[in-house]
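Visitor: Have a look at the structure that comes next, please.
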Amino acid sequence: MSFLQLERLEKTYPDGTRAVVGIDFAAEAGELVVLLGPSGCGKTTTLRMVAGLELATRGLIRLAGREITRLPPSQRDIGMVFQFYALYPHLSVRDNIGFPLRAAGLATPEIRRRVAALAHQMSLQRLLPLYPRQLSGGDQQKVSLARAMVRRPAIFLMDEPLGTLDADQRLALRELIRAEQLASKVTTLYVTHDQEEAMCIADRIVVMAGGRIRQVGTPAEVYDRPADLFVASFVGSPGMNLIPCQVAGRNGTLQLLSERGQLRLDVPFELAARAPSTASATLGVRCEHVHEDRDGPISGRVLIDEYCGSARLVHVDTPCGRLVLRADAARAHALGSELRLRLDATQASLFDAATEARL
Amino acid sequence: MRADAGRAGQGPAGMAGAAPFLTLRAVSKRFATTRALEGIDLELAADELLVVLGPTGAGKTTLLRTIAGLEQPDTGELRMGGQEVTGWEPSARDVALVFQNFSLYPRWSVRRNLEFPLRAPGLNLRGAEVERRIAWAAELLNLTRRLDRPASRLSGGEMQRVAIGRAIVRRPRLFLMDEPLTNLDAKLREVLRVELVQLRRELATPMIFVTHDQAEALSMADRIVVLSEGRVLQSGTAREIYERPVSPVVALQLGHPAINLLRVRRQAGQWISADGTPLLRDEGGGPDERVLGVRPEDIAWNAAEAAPEGVVRVVEYIGASTTLVVDWAGECVHALVPGRAAARPGDRVRPRIDGARAILFDPAAADGGGPDRVQRCLPPAAGLRRPDLRLSASLNPSKEMP
């Protein structure tokens, strides 16, 4: 049995809003699983049901072999980290970190010993005598992380823990969270709307939208083989280029649909063969698989050239719609200039136009 | 090797000829004991998107409010469209401000929210003109089908579009945007920042866009001004600042993952790290102690030749590229590798710095590169527990590799 199991879990609020519409997934012991999705997708509600801060309308939650669906939060053995640091302002950092141990009735010398050991491990020693108001946002969130970790709970639940921090602090804290999680091997459920954060930190990602799970997979699976059009456009920065097309018989070609007639594109036979011939489909191509090529089949004009430091994202207006390609940072593209493009079809995905599911 | 922490990029680039639309000269502002702005000089061309980038508390918002006329500078002068406007009322300046918080009337329809600024006293627009402008803004912002919906029932992205709509219907002379995308989902931010650049270009109205998000700054800016503690540290195109930052403080403002900063000293024709690892050939000149800045994409993570070894600590796959965190030369170094690097935590690798793209900062230099600042920039010596982490990472490989 998995360490954390959610079975047919549902949450309907009294006003009829269905926040979570029957989800199933499992996390293995020691795994870091990210719940990823846009605002309102049900990810935070799911986390709060595991925490016991919301009660499930239907379904089951099992943690470490125990059913906990209706237990109060205090009996679930969880460590929670919120978006807002939620530290006790009148307690020093030392007492904030020690608080869960004091609540659990540990003796003072033992509390001091454990707090000191954890502070050393997380390089927080110099903060111990300070009060929350004397700390930067990043340091406050580190303390809140330490407070969740000091007790070594069965599971960490983290709700957008990097949410309100500046960019440089986000990166440092993200790395700290992952390092501490790997070292402690405590199973972790982590909520974010930021797909890059999810890609970087997760063992597995659960992509959610509209209260449902769209895909569960490793970062590489979700990025390379998105289960549907939503995942294809939500994951990745930018999301996949999506091109309407038609499967042309069994000769292994797709016809990309364009406003001005059709373009032919050779694609690997298996890809086209997955769809019934003449079916309408959507071709998905990542920006790093769109290349400038003088002999490429698609022509277009540069709309925007986004400089990103280590690369450029060039948005090109083509007969197949807007395509974004990843290009060398060293060479700028003049707005309005003409480009010809080639798609690396071996790296493409194909989706059913009607069901939006991967073919 | 690049020129010492190049001074290029100082001063307004690419504005030769045309007179700037907006000029700030030596603008300073204090609140009680806090110096919010300290001798700001700044120019904005008539058709330019200027990004003001800086951490929380840098003075970005005060700068915008001063330009809008919501704050009066203690000293200095503001000129707009050739006139001095330093003492002018906000309404007389004809600028539009968009805030991080959408500040819409939640019960009003989108139409009424867009109409409100057009009914301001003194504007005296005819009814037909008001209708025309609402329809135009709604069309431009893809809100036509939302016009009759109350603002409270819009998504976050739609609300921010309405807030932008309220700014553009007035056809102001200047847009001032104060972190307008910060409260939105990451994905939406990415889409809206592109829309905003296109919209501004169509309107051909100058814009100052304030943000602390380096990706937004790089992607949107015609020019960037880096602000810190109320002072302009550097201004230039995104590429100038990214490639030739004047100081470690500026270098850290752009780039993700952040630039690697390593303390180095000269020894026998090499720049060596604090633990004695040779990192780079020394091509002579300047002080013997420096801070070496290397962008993560300028480190080859596994050079063929005999080079000092490092150990991979973390592998982060982010789609088009992979970030490796490597323990190397007594430091913790980030390398950005195109595609999927076939590396696992615990692997021994041979990183190599691209000498042509590395930057040597002088820690003793005056403007922002001083020793105290460098100290604050450098990563803490004992960031994470290394032995533990290496052990656990090898037991629990974090990412699937092909």
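Visitor: Counting only residues that are in contact with a Lys or Arg (Cβ under 9 Å, 6 or more places away or on another chain) and open to solvent by less than 10 Å² (accessible area, probe 1.4 Å), which one in the stretch A:287-303 is farthest from B:M220 (Cα to Cα)?
Guide: Once the filter is applied, the top-ranked residue is A:G296.
Visitor: Another one. Go through the stretch A:304-314 and count every residue that is within 7 Å of another protein chain (Cβ to nearest Cβ) and touching a residue at least 12 places away in the same chain (Cβ under 8 Å).
Guide: Residues that pass the stated criteria total 5.
Visitor: Could you tell me how many of the residues in the stretch A:187-213 are more than 10 Å from chain B (Cβ to nearest Cβ) and either without any contact (Cβ under 8 Å) to a residue 40 or more places away in the chain or of a type in the set (S, T, N, Q) (or both)?
Guide: Matching residues across the stretch A:187-213 total 2.
Residue-wise test of (1) away from every other protein chain (no Cβ under 12 Å); (2) open to solvent by less than 10 Å² (accessible area, probe 1.4 Å).
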{"residue": "A:I155", "(1), (2)": "yes, yes"}
{"residue": "A:L171", "(1), (2)": "no, no"}
{"residue": "A:I177", "(1), (2)": "no, yes"}
{"residue": "A:E180", "(1), (2)": "no, yes"}
{"residue": "A:K185", "(1), (2)": "no, no"}
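Visitor: Of (1) more than 20 Å from B:S228 (Cα to Cα); (2) modelled with pLDDT under 90, B:T277 satisfies all except one. Which?
Guide: Only one criterion is unmet by B:T277, namely (2).
Visitor: Output the residues belonging to the stretch A:228-237 that are in contact with a Gly (Cβ under 8 Å, 6 or more places away or on another chain) and not in a helix (DSSP H, G or I).
Guide: Listed by number, the residues that qualify are A:V235, A:G236, A:S237.
Visitor: Given (1) facing another protein chain (nearest Cβ under 9 Å); (2) not in a strand (DSSP E or B), where does B:R313 come up short, assuming only one miss?
Guide: Among (1) facing another protein chain (nearest Cβ under 9 Å); (2) not in a strand (DSSP E or B), the lone unmet condition for B:R313 is (2).
This table checks each residue for (1) open to solvent by 10 Å² or more (accessible area, probe 1.4 Å); (2) modelled with pLDDT of 95 or more; (3) basic (K, R).
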residue: A:V33; (1), (2), (3): no, yes, no
residue: A:C41; (1), (2), (3): no, no, no
residue: A:T46; (1), (2), (3): no, yes, no
residue: A:M49; (1), (2), (3): no, yes, no
residue: A:I68; (1), (2), (3): no, yes, no
residue: A:M80; (1), (2), (3): yes, no, no
residue: A:L87; (1), (2), (3): yes, no, no
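Visitor: Quick one: in the stretch B:296-310, of everything that is part of a strand (DSSP E or B) and within 14 Å of another protein chain (Cβ to nearest Cβ), which residue is most open to solvent (accessible area, probe 1.4 Å)?
Guide: Top of the filtered list is B:A300.
Visitor: Quick one: count up the residues across the stretch B:153-194 that are surrounded by 20 or more Cβ atoms within 10 Å (Cβ to Cβ), more than 14 Å from chain A (Cβ to nearest Cβ) and part of a loop (DSSP other than H, G, I, E, B).
Guide: Summing the residues that are surrounded by 20 or more Cβ atoms within 10 Å (Cβ to Cβ), more than 14 Å from chain A (Cβ to nearest Cβ) and part of a loop (DSSP other than H, G, I, E, B) in the stretch B:153-194 gives 2.
Visitor: Say whether the condition of being in contact (Cβ under 8 Å) with a residue 12 or more places away in the chain, of a type in the set (D, E, K, R) and touching a strand residue (DSSP E or B) at 6+ places or on another chain (Cβ under 6 Å) is met by at least one residue in the stretch B:79-86.
Guide: yes
Visitor: What number of residues within the stretch B:217-231 are more than 10 Å from chain A (Cβ to nearest Cβ) and either over 17 Å from B:E243 (Cα atoms) or assigned to a loop (DSSP other than H, G, I, E, B) (or both)?
Guide: Number satisfying all stated conditions: 6.
Visitor: Right, here's the next one. Do you know which residues across the stretch A:226-246 are surrounded by fewer than 22 Cβ atoms within 10 Å (Cβ to Cβ) and more than 12 Å from chain B (Cβ to nearest Cβ)?
Guide: Within the stretch A:226-246, A:A227, A:D228, A:L242, A:P244, A:Q246 meet the criteria.
Visitor: Evaluate the stretch B:282-295: report whether one residue or more is within 13 Å of chain A (Cβ to nearest Cβ), open to solvent by less than 40 Å² (accessible area, probe 1.4 Å) and not in a strand (DSSP E or B).
Guide: yes
The values are calculated or read from the model by the stated rules, or taken from the named source; none is laboratory data. Not measured: the values here are computed from a predicted model. Ideal geometry is used to build each Cβ from the backbone, glycine not excepted, and the neighbour counts take in all protein chains shown. Quick note on the areas: whole protein, heavy atoms, side chains included, nothing else; ligands and nucleic acids left out. Shrake-Rupley method; radii C 1.70, N 1.55, O 1.52, S 1.80 Å.
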